[in-house]
1. If I ask for residues that are part of a helix (DSSP H, G or I) and in contact with a helix residue (DSSP H, G or I) (Cβ under 9 Å, 6 or more places away or on another chain), which ones from segment 46-58 would you list?
2. So, ILE93, is that one of a type in the set (Val, Ile, Thr), within 22 Å of THR6 (Cα to Cα) and in contact with a helix residue (DSSP H, G or I) (Cβ under 7 Å, 6 or more places away or on another chain) or not?
3. So GLY68 ticks every box in (1) under 17 Å from ARG133 (Cβ atoms); (2) assigned to a helix (DSSP H, G or I); (3) among the small types (Gly, Ala, Ser) but one. Which box is left unticked?
4. Within segment 96-116, count every residue that is at pLDDT 95 or above, in a helix (DSSP H, G or I), surrounded by 14 or more Cβ atoms within 10 Å (Cβ to Cβ) and hydroxyl-bearing (Ser, Thr, Tyr).
5. Somewhere in segment 5-28, is a residue on the phi < 0 side of the Ramachandran plot, touching a Gly at 6+ places or on another chain (Cβ under 8 Å) and modelled with pLDDT under 95?
6. State whether one or more residues within segment 46-62 are more than 30 Å from LYS20 (Cβ to Cβ) and at pLDDT 95 or above.
7. Can you tell me which of (1) hydrophobic (A, V, I, L, M, F, W, C); (2) within 26 Å of LYS110 (Cα to Cα); (3) within 14 Å of the chain's Cα centre (by Cα) is the one ILE13 doesn't meet?
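The values are calculated or read from the model by the stated rules, or taken from the named source; none is laboratory data. Remember, it's a predicted structure, so these values are computed and weren't measured experimentally. Cβ: placed from backbone, ideal geometry, glycine included. Neighbour counts: every protein chain shown.
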Amino acid sequence: FRTVMTRRSDNFITLPGRAKIGNRFPNSIFVSIHYNFTWKRDVSGLETFYCSSRSKPLAEAVQRGMLGEVRSVNRGAKYARYYVIRHAQNPAILVEGGFVSNSKERGRTKEGSYREAIADGIVKGISEYQSLRRGGKAY
């Protein structure tokens with residue numbers, strides 16, 4: 001896959017700016033990767049959000065892909081109206097790779113191997129989604 005990053009350093013880009021970057025590329029998909037937070041310290045797991053019916057299969061495939069790579073609670077693929085996925089012109093998802101508010105998951109997010117596994121799961125999910133769109137079988 002050709003990957004376009006919205007940023008390469010810790011500089012802030014507005015939500016409209018992020019959506020605009022994603023919308024510059026026709027026939028693409030938009031994946032926004034985050035780590036979650038809640039005041040409930042025992043909450044853990046992976047979840048993937050989508051905002052349109054055409055993005056739902058992508059979210060479900062990426063969620064399966066990540067769970068195939070890391071052992072975690074499956075919080076599911078869920079509908080949400082987050083700005084960057086709501087304003088996307090192409091299929092778009094927002095991935096939450098764990099909760100930094102949970103001490104165990106926060107520790108995992110600091111490990112390069114965990115971040116690589118999450119990335120591998122995202123790639124597998126995208127591959128499954130592309131294959132299903134073309135009428136093929138998953139992986």
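1. PRO57, LEU58
2. yes
3. Result: GLY68 passes all but (1).
4. Qualifying residue count for the region: 1.
5. yes
6. No, the conditions are met nowhere in segment 46-62.
7. (3)
Here is a yes/no grid of residues against (1) of a type in the set (D, E, K, R); (2) touching a helix residue (DSSP H, G or I) at 6+ places or on another chain (Cβ under 6 Å); (3) not in a loop (DSSP other than H, G, I, E, B):
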site: THR6; (1), (2), (3): no, yes, no
site: PRO16; (1), (2), (3): no, no, yes
site: SER44; (1), (2), (3): no, yes, no
site: ARG81; (1), (2), (3): yes, no, no
